[in-house]
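> I am attaching a structure below and will ask some questions about it afterwards.
The values are calculated or read from the model by the stated rules, or taken from the named source; none is laboratory data. If you're wondering where the values come from, they're calculated on a predicted model, not measured in any experiment. So basically every Cβ, Gly included, is an ideal-geometry build from the backbone, and we count neighbours across all protein chains shown.
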Amino acid sequence: MSKKLFALLFLLLIISTRPALAQKAEEAKPEQIEASKLDEKAEILALYLSKKNSPLEYHAQDFIDAAKTYDLDWKLVAAISGVESTFGKFIPGGYNGWGWGVYGTQAIYFSSWKEGIFTVSKGLKENYINKGLTDPYLMNKIYASSPFWGAKVTYFMQDLEKFASQFENDGKDLSTIHYSPNIAAVSASPVLR
């Protein structure tokens, strides 16, 4: 009798928890992400960053959105990442590919590339552009101790502009260009200035 009672209780337990298990399985489903078409400049930037084997290539639209939000040249923040971290490949940690707030062993860490892109863009607008420091050469004295920083940032901005002009001059339709994303390992090496 006790075996039958135990089996019946066990069966009732399974039946009563089944809806809860189904609900938990439903809750555990991954969040759906909607794909949207990249802005043309974001497509160009993604291709450029892909050629640099940069983990930032997946955030090209974030660069463009931040540039629009803070009224910056769309190439500036990406170019700074080229100088400060080889386009996000060598960072002190915390998604900081811009050397933002890095002084010796002190560093500011971001929770994501997107947060870093928007924080740096906002900081450039408020602390540099709005104060008349409108190009990398003028920003140089405050942003970096290296006297060559402004020239290096300008080089990457011009290189990116030259890369973008290939699509205009050649009449290439970006929608027909397919690039294979690279997966780049991010090093925890310190940023050198």
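> Cβ contacts < 6 Å: first residue within 16 Å of residue 54 (Cα to Cα), restricted to region 78-107; second residue hydroxyl-bearing (Ser, Thr, Tyr) and crowded, with 17+ Cβ neighbours inside 10 Å, any location; separation 6+ or different chain. Result?
Close Cβ pairs satisfying both conditions: 87/54; 87/81; 88/54; 88/81; 91/85; 97/81; 97/85; 98/81.
> Next up: Let me spell it out: the conditions are (1) under 17 Å from residue 160 (Cα atoms); (2) in a loop (DSSP other than H, G, I, E, B), and residue 46 meets all of them except one. Which number is the exception?
Condition (2) is where residue 46 drops out.
> Can I ask one more? Which of (1) among the polar types (S, T, N, Q); (2) under 14 Å from residue 152 (Cβ atoms); (3) out of contact with any Gly (no Cβ under 7 Å at 6 or more places or on another chain) is the odd one out, the single condition residue 81 does not satisfy?
Among (1) among the polar types (S, T, N, Q); (2) under 14 Å from residue 152 (Cβ atoms); (3) out of contact with any Gly (no Cβ under 7 Å at 6 or more places or on another chain), the lone unmet condition for residue 81 is (3).
> Moving on. Could you please give the count of residues in region 79-138 that are hydroxyl-bearing (Ser, Thr, Tyr) and at positive phi?
2
> Can you list residue pairs whose Cβ atoms sit under 8 Å apart, with the first residue in region 114-132 being within 19 Å of residue 82 (Cβ to Cβ) and of a type in the set (Gly, Ala, Ser) and the second being at pLDDT 95 or above and surrounded by fewer than 17 Cβ atoms within 10 Å (Cβ to Cβ)? Count only pairs 6 or more apart in sequence or on different chains.
121/69
> Still on this structure, I have one more. Taking residue 181 and the conditions (1) surrounded by 10 or more Cβ atoms within 10 Å (Cβ to Cβ); (2) out of contact with any helix residue (DSSP H, G or I) (no Cβ under 8 Å at 6 or more places or on another chain); (3) at pLDDT below 90, which numbered condition does it fall short on, given that it satisfies the others?
(2)
> Examine region 104-114 for a residue that is modelled with pLDDT under 95, closer than 17 Å to residue 45 by Cα, surrounded by fewer than 20 Cβ atoms within 10 Å (Cβ to Cβ) and in contact with a helix residue (DSSP H, G or I) (Cβ under 6 Å, 6 or more places away or on another chain), and state whether such a residue exists.
Taking every residue of region 104-114 in turn, none turns out to be modelled with pLDDT under 95, closer than 17 Å to residue 45 by Cα, surrounded by fewer than 20 Cβ atoms within 10 Å (Cβ to Cβ) and in contact with a helix residue (DSSP H, G or I) (Cβ under 6 Å, 6 or more places away or on another chain).
> Checking the condition over 21 Å from residue 40 (Cβ atoms), surrounded by 23 or more Cβ atoms within 10 Å (Cβ to Cβ) and of a type outside the set (Phe, Trp, Tyr), which residue from 99, 132, 93 passes?
Checking each option against the conditions leaves just 99.
> Just to check your reading of the model, which residue among 20, 42, 25, 7 is of a type outside the set (Asp, Glu) and either modelled with pLDDT of 95 or more or within 14 Å of the chain's Cα centre (by Cα) (or both)?
42
> Restricting to region 62-86, name every residue that is surrounded by fewer than 19 Cβ atoms within 10 Å (Cβ to Cβ) and of a type in the set (S, T, N, Q).
Residues satisfying the conditions are 69, 86.
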